[in-house]
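Trainee: Here it is, the structure in full.
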């Protein structure tokens, strides 16, 4: 097999299994037969980490598939999953496909309106929901759209009485004749090919209504196979464990956090949430973890504050780590870095690695651009950072940074095996390969605009460096063109501004204007400390009117401006009334800001800066 130099013979067999699999269900059942009673899905139940084995998961998948068929579901019908990350999510996903249906994941943060759009657009016939809390916004949407016939509830919803749809208990859906169910599933999936549709994943969308991306089995298998190949080659392959944190409804976690581990025969542990992530890391001791950049920014800030409180020596070591991180983020490593490498390896690095469980091979960043300084910080702390690139439409990973090529964190690394990359005349990055989606569900015009002659038009602007690594400069539609015709990439400026301790979130503006301005959400911890130091009451709104407070914030912007060109410099700023969040529709579930929605609220305030 091409590109497997240095891979052990047993690993070659495993990799060939993924490359030759005709469907995701077939790959899973093959792994379940091989792994047997080995742990597959582990979650904390009543305070105890409790595993479900590969064999038990396969039994539940097959029995549930037959019970779904028993509800009258026909091949190709869509089934929506609304659940937080948990073992049942994975079992439901596999069971839906084993029943011949199409999985349609939905975010747990969706509003009633969001659910109604997905239910109506997909024409879903059934829904699987985890509990009563999530059912509150889901059930009214089901009744409004009137297309769903059956709802399966995992827990917390009474099934004693049904209304406009039939309610079924999870326990009943995974009960039945396992042997007969397996035989029926084997027969049903036998004709499936890699070209058949596996799921419809709705893009979270920074503007406009979410569109359903049709992904076939081959697209996800291509991603899993290429990723397994590079992980085996770069890090070796053993008893791998993934800690699942990013929502499984997100294409990145769906592929790299579920089907990649299945391909590796790994086990998956489910994090309990952001507030318990630190303890979960130490308890689960994962070898890989996939996270969005915003979480890395939060972890970096917390770690820096913790280290800074530990005295002069700790602060000195932190300064050396930051200096090394800047070099590594820019790909400038060599003899000059050796003293810092040796010093940190003997001091900070063992402690930091232990906080991540002590076994971590790599942290994978995806879903949005990673600020090189943030990535460089973790690299300096001895944690390998792999920044992935792609989008839901590419299943989703198209490229990733590799140690063997040289990790340069202002790039997203070379393309995966089997991915062609072309740069269009206007700088847009085009992708081609089995990973490219079938198209947008029921949107042929959008599909025709996005896939031309087999090339996926990503909407991202960038180029290939001397080592074939992709460097993203911005989104085509996000590029700001000032009144002089100069192009400015807002994501770069926003990433630099949020590195300042004073700034939590920011949106930069300046389209068709003479200079750049910023809408700022101050960092609450910094504001609290500033208020104490200046004998002021901690009142975010009142403080923003104080000249001294505004001067402190301007100092943070001035520090950023020192590293910006004349056209990029932020000349003026104003404050947002509240943090950008999923709840106020100013952020996507994957923590990207929604520029259109933010402008709707703050356009007058931004215009007043000119």
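Trainee: Kindly indicate whether residue 442 is more than 21 Å from the chain's Cα centre (by Cα) and on the phi > 0 side of the Ramachandran plot.
Mentor: In short, yes.
Trainee: Could you tell me whether the stretch 257-264 includes any residue that is touching a helix residue (DSSP H, G or I) at 6+ places or on another chain (Cβ under 8 Å), touching a residue at least 40 places away in the same chain (Cβ under 8 Å) and either closer than 30 Å to residue 113 by Cβ or not in a helix (DSSP H, G or I) (or both)? Can you show your working first?
Mentor: Step one: filter the stretch 257-264 for residues touching a helix residue (DSSP H, G or I) at 6+ places or on another chain (Cβ under 8 Å), giving 258-260, 262-264.
Imposing the further condition that a residue be touching a residue at least 40 places away in the same chain (Cβ under 8 Å) reduces the set to 258-259, 262-264.
When the remaining residues are screened for being either closer than 30 Å to residue 113 by Cβ or not in a helix (DSSP H, G or I) (or both), the result is 258.
Yes.
Residue by residue, here is whether (1) in contact with a strand residue (DSSP E or B) (Cβ under 6 Å, 6 or more places away or on another chain); (2) surrounded by fewer than 16 Cβ atoms within 10 Å (Cβ to Cβ); (3) modelled with pLDDT of 95 or more holds:
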{"position": "234", "(1), (2), (3)": "no, no, no"}
{"position": "241", "(1), (2), (3)": "yes, no, yes"}
{"position": "258", "(1), (2), (3)": "no, no, yes"}
{"position": "261", "(1), (2), (3)": "yes, no, yes"}
{"position": "303", "(1), (2), (3)": "no, no, no"}
{"position": "312", "(1), (2), (3)": "no, yes, no"}
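Trainee: Could you tell me whether the stretch 537-555 includes any residue that is in contact (Cβ under 8 Å) with a residue 60 or more places away in the chain, surrounded by 13 or more Cβ atoms within 10 Å (Cβ to Cβ) and out of contact with any strand residue (DSSP E or B) (no Cβ under 8 Å at 6 or more places or on another chain)?
Mentor: Filtering the stretch 537-555 for residues in contact (Cβ under 8 Å) with a residue 60 or more places away in the chain gives none.
No, that holds for no residue.
Trainee: Output the residue which, of all residues in the stretch 163-197 that are within 26 Å of residue 130 (Cβ to Cβ) and surrounded by fewer than 12 Cβ atoms within 10 Å (Cβ to Cβ), is modelled with the highest pLDDT.
Mentor: Across the stretch 163-197, the extreme among qualifying residues is 171.
Trainee: If you don't mind, there's one more thing I want to ask. Determine, yes or no, whether residue 493 is touching a helix residue (DSSP H, G or I) at 6+ places or on another chain (Cβ under 6 Å) and surrounded by 15 or more Cβ atoms within 10 Å (Cβ to Cβ).
Mentor: No.
Trainee: When the residues of the stretch 441-465 are narrowed to those that are surrounded by 14 or more Cβ atoms within 10 Å (Cβ to Cβ) and without any contact (Cβ under 8 Å) to a residue 24 or more places away in the chain, which ends up farthest from residue 411 (Cα to Cα)?
Mentor: 447
Trainee: Any idea how many residues of the stretch 493-516 are under 29 Å from the mean Cα position of the chain (by Cα), assigned to a strand (DSSP E or B) and touching a residue at least 24 places away in the same chain (Cβ under 8 Å)?
Mentor: The qualifying residues number 6.
Trainee: Being touching a helix residue (DSSP H, G or I) at 6+ places or on another chain (Cβ under 6 Å) and touching a residue at least 12 places away in the same chain (Cβ under 8 Å): is that true of residue 71 here? Steps first, answer last, please.
Mentor: On the way: touching a helix residue (DSSP H, G or I) at 6+ places or on another chain (Cβ under 6 Å): no; touching a residue at least 12 places away in the same chain (Cβ under 8 Å): yes.
No: the conditions fail for residue 71.
Trainee: Still on this structure, please answer the following. Quick one: in the stretch 558-577, of everything that is outside any helix (DSSP H, G or I) and in contact (Cβ under 8 Å) with a residue 60 or more places away in the chain, which residue is farthest from the chain's Cα centre (by Cα)?
Mentor: 567
Trainee: Within the stretch 80-94, is even one residue outside the structural domain of residue 283 (by TED's automatic domain parsing), without any contact (Cβ under 8 Å) to a residue 24 or more places away in the chain and over 18 Å from residue 168 (Cα atoms)?
Mentor: So far as the stretch 80-94 goes, no, none of its residues is outside the structural domain of residue 283 (by TED's automatic domain parsing), without any contact (Cβ under 8 Å) to a residue 24 or more places away in the chain and over 18 Å from residue 168 (Cα atoms).
Trainee: Are any of the residues in the stretch 424-444 farther than 18 Å from residue 476 by Cα, assigned to a helix (DSSP H, G or I), out of contact with any strand residue (DSSP E or B) (no Cβ under 8 Å at 6 or more places or on another chain) and at pLDDT 95 or above?
Mentor: Yes - at least one qualifying residue is present in the stretch 424-444.
Trainee: Oh, and also: Return yes when residue 143 is over 29 Å from the mean Cα position of the chain (by Cα) and either loosely packed, with under 14 Cβ neighbours inside 10 Å or assigned by TED's automatic domain parsing to the domain that holds residue 31 (or both) and no when it is not.
Mentor: Considered against the rule, which asks whether it is over 29 Å from the mean Cα position of the chain (by Cα) and either loosely packed, with under 14 Cβ neighbours inside 10 Å or assigned by TED's automatic domain parsing to the domain that holds residue 31 (or both), residue 143 comes out as yes.
Trainee: Oh, and also: Here are the criteria: (1) under 26 Å from residue 271 (Cβ atoms); (2) modelled with pLDDT under 90. Tell me which single one residue 410 does not satisfy.
Mentor: Answer for residue 410: the failing condition is (1).
Trainee: Still on this model: Would you mind finding the one in 343, 324 that is modelled with pLDDT of 85 or more and assigned to a helix (DSSP H, G or I)?
Mentor: Of the residues listed, the single one that is modelled with pLDDT of 85 or more and assigned to a helix (DSSP H, G or I) is 343.
Trainee: Looking at (1) in a loop (DSSP other than H, G, I, E, B); (2) touching a strand residue (DSSP E or B) at 6+ places or on another chain (Cβ under 9 Å), which one does residue 156 not meet, given that it meets all the others?
Mentor: Just one mismatch for residue 156, condition (2).
Trainee: Right, here's the next one. As an exercise: evaluate residue 531 against (1) at pLDDT 95 or above; (2) outside any helix (DSSP H, G or I) and give the number of the one condition it does not meet.
Mentor: For residue 531, the failing item is (2).
Trainee: If residue 125 passes every condition in (1) within 20 Å of residue 257 (Cβ to Cβ); (2) surrounded by fewer than 24 Cβ atoms within 10 Å (Cβ to Cβ); (3) at pLDDT 95 or above but one, which one does it miss?
Mentor: (1)
Trainee: Considering 406, 413, 388, which residue is surrounded by fewer than 21 Cβ atoms within 10 Å (Cβ to Cβ), in contact (Cβ under 8 Å) with a residue 24 or more places away in the chain and closer than 20 Å to residue 232 by Cα?
Mentor: Numbers: 413 fails: surrounded by fewer than 21 Cβ atoms within 10 Å (Cβ to Cβ); 388 fails: surrounded by fewer than 21 Cβ atoms within 10 Å (Cβ to Cβ).
The conditions single out 406.
Trainee: So which residues in the stretch 375-384 are touching a strand residue (DSSP E or B) at 6+ places or on another chain (Cβ under 9 Å) and surrounded by fewer than 24 Cβ atoms within 10 Å (Cβ to Cβ), if there are any at all?
Mentor: Within the stretch 375-384, 379, 383, 384 qualify.
A quick yes/no check of all residues on (1) out of contact with any strand residue (DSSP E or B) (no Cβ under 6 Å at 6 or more places or on another chain); (2) outside any helix (DSSP H, G or I):
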site: 33; (1), (2): yes, no
site: 37; (1), (2): no, yes
site: 41; (1), (2): no, yes
site: 44; (1), (2): yes, yes
site: 50; (1), (2): yes, yes
site: 57; (1), (2): no, no
site: 62; (1), (2): yes, no
site: 76; (1), (2): yes, yes
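Trainee: Answer with yes or no whether residue 367 is assigned to a loop (DSSP other than H, G, I, E, B) and buried (at least 22 other Cβ atoms within 10 Å of the Cβ).
Mentor: Taking the combined requirement at face value, the residue satisfies it.
Trainee: When only residues in the stretch 583-610 that are free of Cβ contacts under 8 Å to residues at least 12 places away in the same chain and in a helix (DSSP H, G or I) count, which is surrounded by the fewest Cβ atoms within 10 Å (Cβ to Cβ)?
Mentor: The qualifying residue surrounded by the fewest Cβ atoms within 10 Å (Cβ to Cβ) is 604.
The values are calculated or read from the model by the stated rules, or taken from the named source; none is laboratory data. Given the structure is predicted, the values throughout are model-derived calculations rather than measurements. Using ideal geometry, Cβ is built from the backbone for each residue, glycine included, and neighbour counts are taken over all protein chains shown.
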